[in-house]
Structure formats: C-alpha cells, structure tokens
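> Sharing a structure here in structure tokens format.
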Amino acid sequence: TNAGGCRVIKYGTTRQSVLGLEAVLANGTVLGPPNRLLKNNAGYSLSSLFMGSEGTLGVISRLALRLTPVPPVRRTLLVALSENAGVNEVLRTAKIALRDALSAFEVMWEDFMESALAIQARGRELPASFKSRRAALVEVEGTDEQSVEAMLELFVTELIERGSVVDAVLSMSAQDAQDLWAIRDSVAEIQAGMRPYVGFDLGVAPSKHDAVVSATKMALTRALPHCRSVFFGHVGDGNLHV
C-alpha cells in the first residue's frame, strides 16, 4: 500500500518512508536486497514500483525504512471557519505562516461537526460557535515551544483579521490535543450510526474542495432525499472522504 494518513502534508506517503525493499515474484525470483542509502541512482527504484501495487507484483519480504524522530513540541489548533472563508485560502495561509512546521491540516464540514460533537458531548466542551460550522484541525510540530506558539499566534491573528475564522481553541497539554483529535477521530462512531453506509476516498485539488462538497451534497439530495452524508478529509494533501 502507499497509504498516508493525517500527516502526509509533512511526511509524505509510505513511498517517502521506504528506502528500499526485497520482494519475491510469483515465479520465485527474489529482487533485492533492500537499498539502505538515502541516495542511490543505480538501476530501477523497486520501492517506487512496489509501493501502491497492493501485492499484485509480488510479495514484499523485507523493508528498509526511513524513520523520523518524534518532535519534542507539538500543538493542535481547532478553528471554526466563517461562512465566507475558503478552505484553500485558509490552507495557503497556514503554509505561509507555519512553513515546514505544519504537520496536519484536516477539515470537517458542518454535517461531520454536528455528528462528531454529539458523540463527544461528554468530553471537552467546545464554544457554541463551532456548532454547524466547518472546522479546520491544524497541527504544528517543532523543537522550540516559543517559536511554535509564535507561529500559531501569527496564523490565528491573520485569519481573524481577514474574517476567515470566528473562533479558535489551542491545545495546552497532551490531553487537550487528544480531545481535539478525538473530534476528527469520531468517524468510526459516526459511520456506525449510519449503517448501512457507502464510503468514498477521493483525490481532489485543495482549491476545489468546497465546490466538490457543495455539488455532491446537492446531487445526493436530488437523487436520495433521505440520504445522510458527512464530509471530511486531509485537505492539506488533496484527500476528501465522503
């Protein structure tokens, strides 16, 4: 698989974390051994070829992984977006203000937030301004606490001055961050309450997320008036879940 997850915007997909591999083909041929060098221009890149093939080319028997240390400082921010704020506009602002410290940028549309907040009602209570609004979950990593907080302050201030956000909640502890991520991670409980359901994992350019969500909602309402839908995703890397 070439899976990514919530932090693709900083660390990339599985392909970016695999230096090399050993694979066994259907006829028993062994390809390898795994490359362990960061730069190796000799021959074909087996890892690039096999990552994402889902086992159709052969069985991967060994991997050489590129590991990244856990950052000492990590802050999570949840912002309630105004009605006129474009998701891509907020993402661009985050990339400029937070630079390479930006490690996650998740967006949850109104329907997802309503369902998630109902599930999380017994946990940390968010301001009423988050109800029935799109929300962006932003994570920042770094080595210095003061610089991370300064970047976040600059980011939030700029969004407020532009009228792009109406409220913001910043984690001040590991538990705070866990509570904020629990909103995004409510997807399993939301799906359980919607069964039977059909899920889609779409690749959409960040500049088109709002338009795609709006058009899809309208199409579903026309075709299936009683259909319930939720939209969320890793907008930072162009991924939308329906």
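The values are calculated or read from the model by the stated rules, or taken from the named source; none is laboratory data. Quantities reported herein were computed from a predicted structural model and do not represent experimental measurements. Cβ coordinates were reconstructed from backbone atoms using ideal geometry, including for glycine residues, and neighbour counts include every protein chain displayed.
> What is the residue count in the stretch 95-146 for residues that are part of a loop (DSSP other than H, G, I, E, B) and over 16 Å from S164 (Cβ atoms)?
Residues that pass the stated criteria total 9.
> Considering each of A80, A116 in turn, give the residue that is assigned by TED's automatic domain parsing to the domain that holds R134, under 19 Å from the mean Cα position of the chain (by Cα) and under 14 Å from V138 (Cβ atoms).
A80
> Would a scan of the stretch 17-39 turn up a residue that is part of a helix (DSSP H, G or I) and outside the structural domain of K131 (by TED's automatic domain parsing)?
Checked the stretch 17-39: at least one residue is part of a helix (DSSP H, G or I) and outside the structural domain of K131 (by TED's automatic domain parsing).
> Do we find that R7 is basic (K, R), out of contact with any Phe, Trp or Tyr (no Cβ under 7 Å at 6 or more places or on another chain), at negative phi and without any contact (Cβ under 8 Å) to a residue 40 or more places away in the chain in this structure?
Here the answer is no, as R7 does not meet what is asked.
> Which ones in the stretch 193-205 are more than 21 Å from V8 (Cα to Cα) and surrounded by 11 or more Cβ atoms within 10 Å (Cβ to Cβ)?
G193, M194, Y197, listed by residue number.
> How many of the residues making up the stretch 47-66 are closer than 18 Å to G12 by Cβ and either in contact with a Ser or Thr (Cβ under 7 Å, 6 or more places away or on another chain) or touching a residue at least 12 places away in the same chain (Cβ under 8 Å) (or both)?
So the first thing to find is which residues in the stretch 47-66 are closer than 18 Å to G12 by Cβ, and the list is 47-53, 63-66.
Okay, now just the ones that are also either in contact with a Ser or Thr (Cβ under 7 Å, 6 or more places away or on another chain) or touching a residue at least 12 places away in the same chain (Cβ under 8 Å) (or both), so 47-48, 50-52, 63-66.
Count: 9.
> Can you tell me which condition N35 does not meet? The list is (1) modelled with pLDDT under 90; (2) more than 22 Å from L202 (Cα to Cα); (3) out of contact with any Ser or Thr (no Cβ under 9 Å at 6 or more places or on another chain), and all the others hold.
(3)
> Out of curiosity, is S61 assigned by TED's automatic domain parsing to the domain that holds A136, part of a strand (DSSP E or B), modelled with pLDDT of 90 or more and among the hydroxyl-bearing types (S, T, Y)? So that I can check it myself, show each step before the final result.
Numbers: assigned by TED's automatic domain parsing to the domain that holds A136: no; part of a strand (DSSP E or B): yes; modelled with pLDDT of 90 or more: yes; among the hydroxyl-bearing types (S, T, Y): yes.
Taking the combined requirement at face value, the residue does not satisfy it.
> Where residues in the stretch 83-99 are of a type in the set (G, A, S) and either touching a strand residue (DSSP E or B) at 6+ places or on another chain (Cβ under 9 Å) or in the same structural domain as F231 (by TED's automatic domain parsing) (or both), which of them is surrounded by the fewest Cβ atoms within 10 Å (Cβ to Cβ)? Break it down into steps so the answer makes sense when it comes.
Taking the stretch 83-99 first, the residues of a type in the set (G, A, S) are 85-86, 94, 97.
Add one more test, that the residue is either touching a strand residue (DSSP E or B) at 6+ places or on another chain (Cβ under 9 Å) or in the same structural domain as F231 (by TED's automatic domain parsing) (or both), and what stays is 85, 94.
Numbers: A85: 22, A94: 26.
The qualifying residue surrounded by the fewest Cβ atoms within 10 Å (Cβ to Cβ) is A85.
> When you go through T68, T76 one by one, which is the residue that is outside any strand (DSSP E or B) and either surrounded by fewer than 16 Cβ atoms within 10 Å (Cβ to Cβ) or at pLDDT 95 or above (or both)?
Answer to the selection: T68.
> Still on this structure, I have one more. Within the stretch 38-57, take every residue that is on the phi > 0 side of the Ramachandran plot and modelled with pLDDT of 85 or more and give me the one that is surrounded by the most Cβ atoms within 10 Å (Cβ to Cβ). Show your work before the answer.
As a first pass, look at the stretch 38-57 and keep what is on the phi > 0 side of the Ramachandran plot: 43, 52, 54-55.
Now drop any that are not modelled with pLDDT of 85 or more, which leaves 52, 54-55.
Values: G52: 14, E54: 9, G55: 10.
My answer is G52.
The rows are residues; the columns are (1) in contact with a Ser or Thr (Cβ under 8 Å, 6 or more places away or on another chain); (2) of a type in the set (S, T, Y); (3) over 30 Å from D167 (Cα atoms).
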| residue | (1), (2), (3) |
| --- | --- |
| G4 | yes, no, no |
| G20 | yes, no, yes |
| E83 | no, no, no |
| N88 | yes, no, no |
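> For V140, work out the one condition from (1) assigned by TED's automatic domain parsing to the domain that holds S129; (2) surrounded by 11 or more Cβ atoms within 10 Å (Cβ to Cβ); (3) modelled with pLDDT under 95 it doesn't fulfil.
(3)
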